[in-house]
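Enquirer: If you scroll down you'll find the structure; I have some questions about it.
Values in this text are rule-based calculations from the coordinates and carry no lab data. Since this is a predicted model, take the numbers as computed values, not measurements. Cβ sites come from the backbone with ideal geometry, for glycine too, and all protein chains shown count toward neighbours.
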Amino acid sequence: MDTIRMENAYINKIKQINKNGKYAVLTMGCQLNENDSEKIAGILKESGYEKTEDLSKANVIVFNTCCVRENAEDRLFGKLGEVKKYKEQNGTIIAIGGCMMQEKHIVNKLKESYPFVDIVFGPHTMQDFPKDLYESIVENKKIEDILDIDGNIIEGMPIVRDDKIKASVAIMNGCNNFCTYCIVPYVRGRERSRNPQDIYNEVLSLSKQGYKEVTLLGQNVNSYMVSEKNNGKDVNFEVKKEDGKIVTVNSFATLLKLINTIDGIERIRFISPHPKDFTDDVIEAIAESNKVCKLIHLPLQSGSTRVLKDMNRKYSKEQYLSLVEKIRSKIPDVEFSTDIIVGFPGETEEDFEDTLDVVIKVKYEQIFMFIYSRRVGTVADKMENQIDEKIKHERFNRLKKLAEEEIEEGNKKYVGTIQKVLVEGKSKTNEEIYTGRTETNKVVNFEGNNEMIGEIIPLKITSQHVWYLKGEAIKL
Ligand code: 5AD
Ligand code: SF4
């Protein structure tokens, strides 16, 4: 594990020339991408910029892109058209970072069709963004700062978090799985795990700042340290805790147990594990750790064994279902959420029905559904049996209908129960109503007050809807 501490030299240089500048960071991807955006915002804040939502007032606009699905590209190019006028009017610096910048055809398109973009940087060069920005301001030159090799783990990046109650903490970078539809291994490189002492220190500091919930992030969290182990490195890290005790961490299970001991943090989530790596020690660690939420995100992708094989997922429909059963038998009241792709090349009606069958059998709490999107450079993009767009959409709508029915039906089990809800704030649509989440990540709306924000309170669930539950405060 090669860890590098970030230097602040260029941040200080920008600070000296920056006069009340404003920044905007637009996040276009997953939670890891959001976490990176918080670090880009951290760099800009440290450099003396203030955040603005109004793009016309920003001196620096950063797009943090994603490339997992095609619609992210359409969004980026649409938005770039919009900010061009700010560049022309105000000389705004336009920077684009994130996974999409690792794709050569995209960077070429930017150079040809959007020459007003000042800085292009990738996920492996985020720590050099201050230098890129400084040079762009001072020398007014176009900068392309992309590394093709796996980046090191960078520690000590400043961070401005979007939320005061829940925080995400990256525990690893990259992916080794090469699911055939997925671009991530090509743009984020191979798996690299963070040193557990750095993870512990970050979560400890979050608890001191009053955060109640952490989500541990990685493309494949349950192979934390596996790649280092396979490369023959000694992964028995001795982590020194706040009370002076030393704990050995050498796997995802031991990391979960360590984070579970941090006072003040009341909920621990993690995304995403891979079903093939869901070992018994991880199941035991979840069962034993009172703060680890009993909602497991277990990406299915497809319910058809044949499609799963073509996707290179390394499990069958039966293996997935027996994993769910095994987890259910060891962790009382556990629930599941999932990711599903419809319309993978060669998916037949029968294959699709296998997916629907798994949805009916597992009874998920939440399903993230995606229409298969061809990604240049992946194995599936070269498959000849691509599915017609119309059929993809039809299947997507059928899955969505079933998922909504199942989820609403499943929500009935909450009515009349008392749920511990972490209160996040006021509802966006109604001033009187407060909103929070159950341990299983269900949104609950209820009449509350400001003092409840950031607290976990018991609520009696009074009714169920597809996307949320209604509750009322009770006195215990
Ligand atoms: N098309 C559609 N969905 C995809 N995902 C990843 N790659 C693709 C693709 N090419 C989905 C998977 C993954 C989630 C983050 O995005 O379901 O779990
Ligand atoms: Fe993509 Fe598969 Fe890696 Fe997830 S596990 S990031 S879907 S290649």
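Enquirer: Which log10 I(q)/I(0) values does segment 415-473 give at q = 0.17, 0.19, 0.22, 0.28 Å⁻¹ under the Debye formula, counting every alpha carbon as one identical point scatterer?
Expert: For segment 415-473 at q = 0.17, 0.19, 0.22, 0.28 Å⁻¹, log10 I(q)/I(0) is -0.43, -0.54, -0.74, -1.22.
Enquirer: With 10 Å bins from zero, work out the P(r) of the chain over every alpha carbon pair and list the percent per bin.
Expert: Bins of 10 Å from zero give 4, 18, 27, 28, 18, 4, 0 percent of pairs.
Enquirer: Taking the Cα centre as origin and putting +1 on Lys and Arg beta-carbons and -1 on Asp and Glu beta-carbons, what dipole magnitude results for segment 3-145, to the nearest 20 debye?
Expert: So the magnitude is around 320 debye.
Enquirer: Let's see if you can work this out: charge +1 on each Lys and Arg Cβ, -1 on each Asp and Glu Cβ, no other charges. What is the dipole magnitude of segment 37-119 about its Cα centre, in debye to the nearest 20?
Expert: The dipole of segment 37-119 has a size of about 100 debye.
Enquirer: So what are the ³J(HN,Hα) numbers for segment 447-456, from phi and the Karplus equation (6.51, -1.76, 1.60; θ = phi - 60°), rounded to whole Hz, Gly and Pro as x?
Expert: These are the phi-based 3J(HN,Hα) values: 7, x, 8, 4, 5, 6, 4, x, 9, 9 Hz.
Enquirer: Residues with beta-carbon under 11 Å from that of LYS166, excluding LYS166: net charge, scoring Lys, Arg +1 and Asp, Glu -1?
Expert: +1
Enquirer: Determine ³J(HN,Hα), in whole Hz, for all residues of segment 31-47 in sequence, where each value follows from phi through the Karplus function 6.51 cos²θ - 1.76 cosθ + 1.60 and θ = phi - 60°; x replaces Gly and Pro.
Expert: Values, residue by residue: 5, 5, 5, 4, 5, 5, 4, 5, 6, 4, 4, x, 4, 5, 4, 4, 7 Hz.
Enquirer: By the scheme Lys and Arg +1, Asp and Glu -1, what is the net charge of all other residues having a beta-carbon under 14 Å from that of ILE259? Walk me through the numbers before you get to the answer.
Expert: On the way: positive: ARG194, LYS212, LYS241, LYS257, ARG267, ARG269, LYS291; negative: ASP198, GLU202, GLU213, GLU242, ASP263, GLU266, GLU288.
Every neighbour counted, the sum reads 0.
Enquirer: Just how large is the dipole of segment 302-343 about the Cα centre, in debye to the nearest 20, putting +1 at every Lys and Arg Cβ and -1 at every Asp and Glu Cβ?
Expert: Computed about the Cα centre, the dipole is about 240 debye.
Enquirer: Among the aspartates and glutamates, which fall within straight-line cross-link reach of LYS141, defined as a Cα-Cα distance under 13 Å, with same-chain neighbours fewer than 8 residues apart omitted?
Expert: Counting by Cα, and skipping residues close in sequence, LYS141 has these aspartates and glutamates nearby: ASP118, ASP132.
Enquirer: Specify which residue in the list ASN430, ILE17, GLN102 is farthest towards the positive end of the charge dipole of the chain, using unit charges on the beta carbon of Lys, Arg (+1) and Asp, Glu (-1), about the Cα centre.
Expert: The listed residue farthest towards the positive side: ILE17.
Enquirer: Which aspartates and glutamates have a Cα lying under 18 Å from the Cα of LYS241, excluding residues fewer than 8 positions away in the same chain?
Expert: LYS241 reaches ASP198, GLU202, ASP263, GLU266.
Enquirer: Given the pairs LYS294/LYS401; LYS39/LYS291; LYS363/LYS460; LYS317/LYS420, which are separated by over 32 angstrom at their Cα positions?
Expert: Numbers: LYS294/LYS401 26 Å; LYS39/LYS291 26 Å; LYS363/LYS460 23 Å; LYS317/LYS420 34 Å.
Beyond 32 Å between Cα atoms: LYS317/LYS420.
Enquirer: Bin width 10 Å, alpha-carbon pairs only: give the P(r) of segment 262-331 as whole percents, running from 0 to the bin holding the largest distance.
Expert: Once binned at 10 Å, the Cα pair distances of segment 262-331 give 18, 48, 25, 8, 1.
Enquirer: Of the listed pairs LYS233/LYS276; LYS104/LYS142; LYS400/LYS470; LYS166/LYS392, which have alpha-carbon separations greater than 25 Å here?
Expert: Details: LYS233/LYS276 22 Å; LYS104/LYS142 17 Å; LYS400/LYS470 23 Å; LYS166/LYS392 35 Å.
Beyond 25 Å between Cα atoms: LYS166/LYS392.
Enquirer: Could you rank the peptides 402-413, 227-238 by their average count of other C-beta atoms within 10 Å per residue, with the highest value first?
Expert: Sorting 402-413, 227-238 by mean packing, highest first, produces 402-413, 227-238.
Enquirer: First select every other residue whose beta carbon is under 13 angstrom from the beta carbon of VAL282; then total the charges, Lys and Arg +1, Asp and Glu -1.
Expert: Cβ neighbours under 13 Å give a net charge of -1.
Enquirer: Under a no-solvent Debye model with one identical scatterer per Cα of segment 167-273, what's log10 I(q)/I(0) at q = 0.10, 0.21, 0.23, 0.24 Å⁻¹?
Expert: Debye intensities relative to I(0), on a log10 scale: -0.29, -1.09, -1.24, -1.32.
Enquirer: Still on this structure, I have one more. Check the straight Cα-Cα distances from LYS45 and name the lysines below 19 Å, setting aside those fewer than 8 residues away within the same chain.
Expert: Cα-Cα hits under 19 Å: LYS13, LYS15, LYS19, LYS22, LYS57, LYS131, LYS164.
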